[in-house]
Amino acid sequence: MKKLIAALLSLCLMLSVVAVFAEAPAVKELNWSTYAEEASKVEGSLENVNSTDLKMFVPAQFQDSAISEEAVQKGHFLLLKSTDGKAVVSGQILPLPMDVVMAGVAQSAKGFEEGKINGIAVKSFAVESDGVVSKCIAIGTNQNSVIMFSFTPANDQNYVNLFKLMAASLQH
């Protein structure tokens, strides 16, 4: 009887492990080659991203904006605003390891995903404030810090495709 119970417990344990792996989200992958043709229909160019070794497609309707000295001191290095003033793409370097950053946003963010953009490991999540959603992409660095990009408003259909092009273009 003890052997039967032990066998049943082992079976239950194995099934629970299989269930956990079955529910684990698939790693999503974005590749610029998939979106390059679509991007060719949008006026813009592949630009070097300040303070990083990354490049990103910047549509012509997004312009560099001045970053305050206070924001620079907090690690902000990129501020692009749409010409209509309704959308913002920002970048910040956080001098913290990825696990600390993710723990810090865990309470306010949702939709956590892991994936790759052009072979670069990323984590993404969304933050909502007053009905406006920001989609954030975090990239860990070799310097034990995180490069964070934020695309706002990620719930506005006028910008979703442009943000997707911009995110898919991130590359070394």
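Rounded to whole Å and ordered largest first, report the semi-axes of the equivalent ellipsoid of the range 27-168 derived from its Cα gyration tensor (root of 5λ).
Numbers: eigenvalues 93, 63, 54 Å².
Taking √(5λ) for each Cα gyration eigenvalue gives 22, 18, 16 Å.
What is the set of long-range amide H partners of L170 at a cut-off below 5 Å, with H atoms built 1.01 Å from backbone N?
Amide H neighbours of L170: F57.
Using θ = phi - 60° and the Karplus curve 6.51 cos²θ - 1.76 cosθ + 1.60, what whole-Hz ³J(HN,Hα) does each residue of the range 102-117 get, with Gly and Pro shown as x?
Running phi through 6.51 cos²θ - 1.76 cosθ + 1.60 with θ = phi - 60° gives 5, 5, x, 9, 4, 6, 9, 9, 8, x, 5, 9, 10, x, 9, 10 Hz.
Measure off 7 Å from each Cα along the Cα-to-Cβ vector at Q73 and N161, then give the distance between these two points in nanometres to one decimal.
With each label point 7 Å from Cα toward Cβ, the separation is 4.3 nm.
List the extent of the Cα atoms of the range 95-172 along each of their three principal axes, largest first, rounded to whole Å.
Over the range 95-172, Cα extents along the principal axes are 36, 29, 18 Å.
For V133, what residues show an amide H to amide H distance below 5 Å, using hydrogens built from the backbone and excluding near sequence neighbours?
A154, N155
With θ set to phi - 60° and the Karplus curve 6.51 cos²θ - 1.76 cosθ + 1.60, what are the ³J(HN,Hα) couplings of the range 85-93 in order, to the nearest whole Hz, using x for Gly and Pro?
Values, residue by residue: x, 9, 9, 9, 10, 10, x, 8, 9 Hz.
Applying the Karplus parametrisation 6.51 cos²θ - 1.76 cosθ + 1.60 with θ = phi - 60° to the phi angles of the range 60-76, what ³J(HN,Hα) value in whole Hz is obtained for each residue in order, glycine and proline being reported as x?
4, 7, 10, 10, 4, 10, 5, 10, 5, 4, 4, 5, 4, 4, 8, x, 5
Collect residues whose amide H, placed 1.01 Å from N in the peptide plane, falls under 5 Å from the amide H of L96; neighbours closer than 5 in sequence don't count.
Residues meeting the amide H criterion: V146.
In nanometres, what is the gap between the two model label sites at N142 and D99, each 7 Å from Cα along Cα-to-Cβ?
Computed distance between label sites N142 and D99 equals 2.2 nm.
Given R₀ = 45 Å, what would the calculated FRET efficiency be for S40 paired with Q107, taking r from the Cβ atoms and rounding to 0.05? Don't jump to the answer; show the numbers that get you there.
Details: r = 41 Å, r/R0 = 0.91.
E between S40 and Q107, to the nearest 0.05, is 0.65.
Throughout, read-outs are computed from the coordinates displayed, never taken from laboratory work. Please read all numbers here as calculations on a predicted model, not as lab measurements. Neighbour counts run over all protein chains shown; Cβ positions are idealised from the backbone, glycine included.
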